[in-house]
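**Q** Below are the structure tokens for one structure; questions will follow.
The values are calculated or read from the model by the stated rules, or taken from the named source; none is laboratory data. Fair warning: this is a prediction, and the values are worked out from it, not measured in the lab. We place every Cβ from the backbone using ideal geometry, glycine too, and count neighbours over all the protein chains shown.
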There are 2 protein chains.
Amino acid sequence: MEQRIYTTEIAAHVGERVRLAGWLHTFRRLGGINFLVLRDARGMAQCVVDAPEAVSALEGFLPETVLAVEGVVVAEPQAPGGVELHAPAFDVLSPVRDPLPFPLNKPEIKASLPVFLDHAVVGLRHPAKRALFRLSAGVMAGFRATLGGLGFTEVQTPKLVASATESGANVFGVDYFGQRAYLAQSPQFYKQIMVGVFERVFEVGPVFRAEPHDTIRHINEYVSLDVEMGFIQDHRDVMAILTAVIRGILEHLQATCSSELAALNVKLPVAPPEFPAIYFPEAQELILKRWGQDCRGEPDLAPQHERWLGQWAMEEHGSDFLFVTGYPMAKRPFYTHPNPADRRYSNSFDLLFRGTELVTGGQRLHLYQDYLDSAAARGYTNLAPFETYFEAFKHGMPPHGGFAIGLERFLMQLLGLDNVRLATLFPRDLNRLTP
Amino acid sequence: MEQRIYTTEIAAHVGERVRLAGWLHTFRRLGGINFLVLRDARGMAQCVVDAPEAVSALEGFLPETVLAVEGVVVAEPQAPGGVELHAPAFDVLSPVRDPLPFPLNKPEIKASLPVFLDHAVVGLRHPAKRALFRLSAGVMAGFRATLGGLGFTEVQTPKLVASATESGANVFGVDYFGQRAYLAQSPQFYKQIMVGVFERVFEVGPVFRAEPHDTIRHINEYVSLDVEMGFIQDHRDVMAILTAVIRGILEHLQATCSSELAALNVKLPVAPPEFPAIYFPEAQELILKRWGQDCRGEPDLAPQHERWLGQWAMEEHGSDFLFVTGYPMAKRPFYTHPNPADRRYSNSFDLLFRGTELVTGGQRLHLYQDYLDSAAARGYTNLAPFETYFEAFKHGMPPHGGFAIGLERFLMQLLGLDNVRLATLFPRDLNRLTP
């Protein structure tokens, strides 16, 4: 028996007998010739079937039947990729008796989102879906490769935690041997703690948000790409690393996923060596001056304002990315470092990608007393849940900061998807726990 | 201000003024000279302090005070690494007022395991702990790099699942918007499903086991390194990939973590290009013949027998690794593929590492009808929880198989640790949910 090769490799074997294996994508008669298209993980191959008994066998097979096919590779300018298989012989590896919930052999899946998600187990086999999740893997690989090169160490921190410290309302409760536990909303506290060990750390892992929001941008479990780093001057050092990470991911995609980018018609964003940045109150002034809308004094930017700023960043700075720095302290978590020059504002930032928030980050408090003061100022009366977190600061932590990128939202914005669920293999939301 | 450099870089700067930053590891007077040892993420530097005001300031600082230090690098054969800093000037970045729960500046932490774990937030800063978790990061990186090179695609599958399908007794329940959800025990079903998309997949992520076992080898949340691959002949193709993965990880550690391996005195295991393999009933025969213990008919190997087999593998085959293949079907999950030549036994395997089970894997069923039959044979009356899993097989799945490596157990066995909790940053067990 021949060694199996991939469909994408046959052009190098013209005149040879090869063995392919994959899924029956289509079988059809076109101008009196019978074409079988076999799909594997990397691509497709066209096979021309002449023998009447082969034709009648294939007519009995439903799409997604798993086949091994042996035949001779022939150059044929009209075939996709310029080659096809002749005189193929088949082995059925897995027969199929049930029709698909929707066809996988059309350029697009024609099914509503709920129907697609209900049948994602097979729907994800569609070549366009497969390409999308290859890009997702590429984003993770580019993230890690860039950070590894910058001296960051990967950590894995617990997802089961004893208390709902970051924001009590939005956590899932777990029965833990008769105790109450919670699912971690983020690795925030742990990644800060680990700055005390490695100085520079990252984590790729699931986070859980019990937010009862049913929107195109919310899912309740997602993959967070987390970074934290010590011995910074301020948030601008963190922004420089984030810029390197975004550029590193995009370069990695270009280098390793060119066929997926082409198949999905993705135009990679413009990411200059230094992303433009605007200070929050100055962004509000700009919005007043240029678009006539007075939002000064508001603690946050409206989505519409973010879109304007995104346009402005492209027009003025030729960048798909824009940092907005210095968000008001009132809207940031208690561990946020204030701007020492104006303590109403923070040393934090959002990164807008084409006018939509993609990343949040900033400098954190690092002095133990500052944590006690901040907790007191926010009216936290029970500090017991913070005890081990605060222990790190009690014993000396350097100035530090970090950020988190939502993997699915990055993909959603990169590909211009209209729902984050399309960037998630098996999304979890208010109404969906399966498949 | 000088650019900060790492302590490990100063030897290249003899005669220059440099800026270091890190933690006050020790300060002591030795033979009339005052030595400050500063620790950063990569190593330590010795600073000689003469100025009386500097000495009295340093005498007031507790260990773990975060300092920036500027001084001139001087070659000094008696100093660790042959260089030290003279005439240093200090900035205190974070003062410390509380003594440590145990010293971090001794060669080993002298604390009981519970005390260490209670204070892991600072205990992990100890250089030996830091080295250990750098190796952990190296294992993950080596795992991914090897599989990436073999055409595997990374996936991220949900940790919140609707049903406790693999083994109902051992899952954690979650309140999911008024519904009952569970934490995934493994990505088993999802990684198999994804073989239909990518053929070859891997995942690195947390798994959750609600097993109420209080042993040195059990934790209730751990990191699983999961692999699954399609279009195999049988389990031996999976074993070949696992062999490549183990060897790839070890090579990666050697290439990227040599100082950590040296610091922890780790002897990397002998991993020949092909690991020896023994068929389960033959292993039982060998145990009878060689050690006089008759365990034929038993469905599993006792830990003592695994240790004997580990010794045998080293003596006979010069390998720290040994595959035991063909475990009885009765002891394997319902998706296990039987040995077609003798259906009492399975096409599955364990990989023993120095006589202790490290990896479990094998060929899975791939035909829809086989799943229905296996579920029926096991007495599963309610197939609703399997509906979406079985949907993948209904629509054509190739012969496939895979394996899972527990990250913490691998590290435990590699380093000869006496408790898996020591290979876990923040372990979760029957009695521990913090830090």
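**Q** In the set A:Q192, A:Q156, which member is crowded, with 19+ Cβ neighbours inside 10 Å, farther than 21 Å from A:T356 by Cβ, of a type in the set (S, T, N, Q) and more than 7 Å from every other protein chain (Cβ to nearest Cβ)? Walk me through how you get there before you give the answer.
**A** Details: A:Q156 fails: more than 7 Å from every other protein chain (Cβ to nearest Cβ).
From the options A:Q192, A:Q156, the qualifying one is A:Q192.
**Q** Go through the residues of the stretch B:4-17 one by one and say whether even a single one is more than 30 Å from B:D418 (Cα to Cα) and either modelled with pLDDT under 95 or crowded, with 20+ Cβ neighbours inside 10 Å (or both). Write out each step before concluding.
**A** First pass over the stretch B:4-17, keeping only residues more than 30 Å from B:D418 (Cα to Cα): B:4-17.
With the extra rule that they be either modelled with pLDDT under 95 or crowded, with 20+ Cβ neighbours inside 10 Å (or both), the set shrinks to B:7, B:10.
Yes, the stretch B:4-17 has at least one match.
**Q** Also, I was wondering about something else. Would you please list the contacts, defined by Cβ atoms under 6 Å and residues six or more apart or on different chains, that run from a residue in the stretch B:35-51 that is closer than 23 Å to A:I232 by Cβ and assigned by TED's automatic domain parsing to the domain that holds B:A75 to a residue that is surrounded by fewer than 19 Cβ atoms within 10 Å (Cβ to Cβ) and modelled with pLDDT of 95 or more?
**A** Listed pairs, sorted by first residue: B:D40/B:Y6; B:R42/B:Y6; B:R42/B:T8; B:G43/B:T8.
**Q** In the stretch B:77-121, how many are more than 14 Å from every other protein chain (Cβ to nearest Cβ), part of a loop (DSSP other than H, G, I, E, B) and either in contact with a strand residue (DSSP E or B) (Cβ under 8 Å, 6 or more places away or on another chain) or not small (G, A, S) (or both)?
**A** Final tally of qualifying residues: 7.
**Q** Please work out if A:A181 is over 22 Å from the mean Cα position of the chain (by Cα) and either under 17 Å from A:G361 (Cα atoms) or more than 10 Å from chain B (Cβ to nearest Cβ) (or both).
**A** Details: over 22 Å from the mean Cα position of the chain (by Cα): yes; either under 17 Å from A:G361 (Cα atoms) or more than 10 Å from chain B (Cβ to nearest Cβ) (or both): no.
No; evaluated as a whole, the condition is false for this residue.
**Q** Name, by its number, the condition in (1) out of contact with any strand residue (DSSP E or B) (no Cβ under 6 Å at 6 or more places or on another chain); (2) facing chain B (nearest Cβ under 7 Å) that does not hold for A:T215.
**A** Answer for A:T215: the failing condition is (2).
**Q** Can you pull out every residue in the stretch B:285-326 that is polar (S, T, N, Q) and over 17 Å from B:L351 (Cα atoms)? Spell out the reasoning first.
**A** Our first condition is that a residue be polar (S, T, N, Q); within the stretch B:285-326, this holds for B:293, B:304, B:311, B:319, B:325.
B:Q293 - this is the single residue of the stretch B:285-326 that is polar (S, T, N, Q) and over 17 Å from B:L351 (Cα atoms).
**Q** Can you pull out the residues in the stretch A:341-395 that are hydroxyl-bearing (S, T, Y) and in contact with a strand residue (DSSP E or B) (Cβ under 7 Å, 6 or more places away or on another chain)?
**A** We begin by selecting, within the stretch A:341-395, every residue hydroxyl-bearing (S, T, Y); these are A:345-346, A:348, A:356, A:360, A:368, A:371, A:374, A:380-381, A:388-389.
Passing the criteria: A:Y345, A:S346, A:S348, A:T360.
**Q** Separate question: Using the structure shown, decide if A:Y371 is over 28 Å from B:L183 (Cβ atoms) and surrounded by fewer than 22 Cβ atoms within 10 Å (Cβ to Cβ).
**A** On the way: over 28 Å from B:L183 (Cβ atoms): yes; surrounded by fewer than 22 Cβ atoms within 10 Å (Cβ to Cβ): no.
Here the answer is no, as A:Y371 does not meet what is asked.
**Q** Next up: Does A:Y389 satisfy the criteria of being in contact with a helix residue (DSSP H, G or I) (Cβ under 8 Å, 6 or more places away or on another chain), more than 10 Å from chain B (Cβ to nearest Cβ) and either within 28 Å of A:T336 (Cα to Cα) or in a strand (DSSP E or B) (or both)?
**A** Taking the combined requirement at face value, the residue does not satisfy it.
**Q** What number of residues in the stretch A:195-214 are within 16 Å of B:L425 (Cα to Cα) and in contact with a helix residue (DSSP H, G or I) (Cβ under 8 Å, 6 or more places away or on another chain)? Reasoning before the result, please.
**A** Step one: filter the stretch A:195-214 for residues within 16 Å of B:L425 (Cα to Cα), giving A:195-205.
Next, from what is left, pick out any that are in contact with a helix residue (DSSP H, G or I) (Cβ under 8 Å, 6 or more places away or on another chain): A:196-198, A:200-204.
Summing the residues that are within 16 Å of B:L425 (Cα to Cα) and in contact with a helix residue (DSSP H, G or I) (Cβ under 8 Å, 6 or more places away or on another chain) in the stretch A:195-214 gives 8.
**Q** For the stretch A:41-56, which residues satisfy the criterion of being under 18 Å from A:A21 (Cα atoms) and not hydrophobic (A, V, I, L, M, F, W, C)?
**A** A:R42, A:G43, A:Q46
**Q** So B:R125 ticks every box in (1) in a loop (DSSP other than H, G, I, E, B); (2) of a type outside the set (A, V, I, L, M); (3) more than 10 Å from chain A (Cβ to nearest Cβ); (4) buried (at least 18 other Cβ atoms within 10 Å of the Cβ) but one. Which box is left unticked?
**A** (3)
**Q** Take the conditions more than 9 Å from chain B (Cβ to nearest Cβ) and touching a helix residue (DSSP H, G or I) at 6+ places or on another chain (Cβ under 9 Å) and apply them to A:L250. Does it pass?
**A** Working: more than 9 Å from chain B (Cβ to nearest Cβ): yes; touching a helix residue (DSSP H, G or I) at 6+ places or on another chain (Cβ under 9 Å): yes.
So A:L250 fits the description; yes.
**Q** Among the residues of the stretch B:35-67 satisfying the criterion of being assigned to a strand (DSSP E or B) and among the β-branched types (V, I, T), which is surrounded by the fewest Cβ atoms within 10 Å (Cβ to Cβ)? If you could, list the steps in order and put the result at the bottom.
**A** Initially, the stretch B:35-67 is screened for residues assigned to a strand (DSSP E or B), giving B:35-39, B:44-49, B:66-67.
Restricting the remaining residues to those that are among the β-branched types (V, I, T) gives B:37, B:48-49, B:66.
Numbers: B:V37: 19, B:V48: 17, B:V49: 23, B:V66: 26.
Once the filter is applied, the top-ranked residue is B:V48.
**Q** May I pose another question? Among the listed residues B:V83, B:V115, identify the single one that is among the aliphatic types (A, V, I, L, M) and in contact (Cβ under 8 Å) with a residue 24 or more places away in the chain.
**A** Working: B:V115 fails: in contact (Cβ under 8 Å) with a residue 24 or more places away in the chain.
Exactly one residue qualifies, and that residue is B:V83.
**Q** Select, from A:V92, A:V66, the only residue that is in contact (Cβ under 8 Å) with a residue 40 or more places away in the chain and either touching a Phe, Trp or Tyr at 6+ places or on another chain (Cβ under 7 Å) or hydrophobic (A, V, I, L, M, F, W, C) (or both).
**A** Values: A:V92 fails: in contact (Cβ under 8 Å) with a residue 40 or more places away in the chain.
Answer to the selection: A:V66.
**Q** Still on this structure: From the list A:G310, A:G362, which one is assigned by TED's automatic domain parsing to the domain that holds A:M239, of a type in the set (G, A, S) and part of a strand (DSSP E or B)? Step through it out loud before you land on a result.
**A** Numbers: A:G310 fails: part of a strand (DSSP E or B).
Exactly one of A:G310, A:G362 is assigned by TED's automatic domain parsing to the domain that holds A:M239, of a type in the set (G, A, S) and part of a strand (DSSP E or B), namely A:G362.
**Q** Among the residues of the stretch A:218-229, what is the count of those that are within 22 Å of A:R144 (Cβ to Cβ) and at the interface with another protein chain (Cβ under 8 Å from one of its Cβ atoms)?
**A** Our first condition is that a residue be within 22 Å of A:R144 (Cβ to Cβ); within the stretch A:218-229, this holds for A:221-229.
Now drop any that are not at the interface with another protein chain (Cβ under 8 Å from one of its Cβ atoms), which leaves A:221, A:223.
Residues flagged as within 22 Å of A:R144 (Cβ to Cβ) and at the interface with another protein chain (Cβ under 8 Å from one of its Cβ atoms) within the stretch A:218-229 amount to 2.
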